[in-house]
1. For region 238-250, does any single residue satisfy the condition of being surrounded by fewer than 21 Cβ atoms within 10 Å (Cβ to Cβ), farther than 16 Å from Val338 by Cβ and touching a residue at least 60 places away in the same chain (Cβ under 8 Å)?
2. Pick from region 289-342 the residues that are among the charged types (D, E, K, R) and within 16 Å of Leu268 (Cβ to Cβ): which of them is surrounded by the fewest Cβ atoms within 10 Å (Cβ to Cβ)?
3. What pairs can you find where one residue is in region 143-155 and free of Cβ contacts under 8 Å to residues at least 60 places away in the same chain, the other is assigned to a helix (DSSP H, G or I) and among the small types (Gly, Ala, Ser), and their Cβ atoms are less than 8 Å apart, with a gap of 6+ or different chains?
4. Look through Asp299, Asp285, Asp270, Asp276 and report the one residue that is farther than 24 Å from Gln248 by Cβ and in the same structural domain as Asp252 (by TED's automatic domain parsing).
5. Being at pLDDT below 90, out of contact with any Phe, Trp or Tyr (no Cβ under 9 Å at 6 or more places or on another chain) and farther than 20 Å from Arg16 by Cα, is that true of even one residue in region 138-152?
6. Test Leu272 against the stated conditions and say whether it is farther than 23 Å from Ala179 by Cβ and either touching a Lys or Arg at 6+ places or on another chain (Cβ under 9 Å) or part of a helix (DSSP H, G or I) (or both).
7. Conditions first: (1) in contact with a Pro (Cβ under 6 Å, 6 or more places away or on another chain); (2) aliphatic (A, V, I, L, M); (3) loosely packed, with under 15 Cβ neighbours inside 10 Å. Leu45 passes all but one, so which condition is the exception?
8. Look at region 282-328 and say how many of its residues are of a type in the set (A, V, I, L, M, F, W, C) and in contact with a strand residue (DSSP E or B) (Cβ under 8 Å, 6 or more places away or on another chain).
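The values are calculated or read from the model by the stated rules, or taken from the named source; none is laboratory data. Bear in mind that the values here come from a model prediction, so they are computed numbers and not experimental data. Here the Cβ positions follow ideal geometry from the backbone for every residue, glycine too, while neighbour counts run over all protein chains shown.
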Amino acid sequence: MNARNAEPEVAVRAPRETTALFGHREAEQTLLNAYRSGRIPHAWLIGGAQGIGKATLAYRMARFVLAHPDPSARAVQDADTLYVDEDHPVARQVAGGSHGGLLTLERTVNDKGAMRTVITVDESRETIGFFGSTAASVGGWRVCVVDTVDELNANASNALLKILEEPPARSLFLLISHAPARVLATIQSRCRKLPLRPLETDDVIRAAAEAAGKDRNDPALRDAADPSEGSVSRALTLVSGQSLGLHQRTLDLLNRLPQLDQRALHALGDALPLNDRVGLKAFVDTVDRWLTGHLHAPDAGANLPRLARLAEVWEKINRAARETEGFNLERKPLVFSVFGMLAEATR
């Protein structure tokens, strides 16, 4: 299978462009109530599984604060949600990445055109100039979204920590994390934690339909939402038959561990052609979900050495997956590496 057989990606709206929020009503109310109290914590750690709407909620909050800079204003006090109409000037500027009061820290493309595997210290240091500049044009507020804090390298984490320790007035940090317990303890201690739960299946369908511009009654969405375990990004990845099949093949091999079927692994690697980002995401998401389930199983603490091995492997697999995607490397070596590490860890 060559690159021309790569599965087409489903075009989706980015979180900064998405004004609708499905689920997470309680978390939204927590942010809204804190803001209109006039005593909102300056930093929030929004944690939860990948693809459940953490970034969507973060940008929703950022838009609301920038559109309503006075928390005592009647519009804020009477608001039921953090919704800002997509035609509002602030919403358009946030969607286009041009609002002067918003800074986003995320992985970027390097000078060779490849996606970096981490957020670098130079990018993190942008917060110094950003929070040091005048904020008069945006009502005094500066908002920084970190998507995700898990991808900060050590130096970048320390650079962010410095400004979190002495936050400027009217600053707001919204830190997104897929694994908040693994975030640097000193960063955690300076944030209000806001955990999000996986979405209900109906909310996954509604959110996936909104993001991809699909009909909510599309049977493919239901087929993809059922095994997504509350993750919109997983549902969008699985929305085609090919990805659903790849998910099941990967899961079958995972459930045989520590036994390895070399022929099946070769076939799985061949099913992941170069440039197929959708297939790669389906493979990585399936492995990640399987590992997460084992790490949080009720009896996981009964075998602490095994638990420690799985946690270490989880970090290595995610790092290897980012490198494979970022440098567009062959997929088959990743497949064999992942299953080799997992087989060793589960013996």
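1. Within region 238-250 (the criterion being surrounded by fewer than 21 Cβ atoms within 10 Å (Cβ to Cβ), farther than 16 Å from Val338 by Cβ and touching a residue at least 60 places away in the same chain (Cβ under 8 Å)), the answer is yes, since at least one residue qualifies.
2. Only one residue fits best here, namely Glu330.
3. Leu152/Ser124; Asn155/Ser124
4. Answer to the check: Asp299.
5. Within region 138-152, one or more residues are at pLDDT below 90, out of contact with any Phe, Trp or Tyr (no Cβ under 9 Å at 6 or more places or on another chain) and farther than 20 Å from Arg16 by Cα.
6. Yes.
7. (3)
8. The number of residues fulfilling the criteria is 0.
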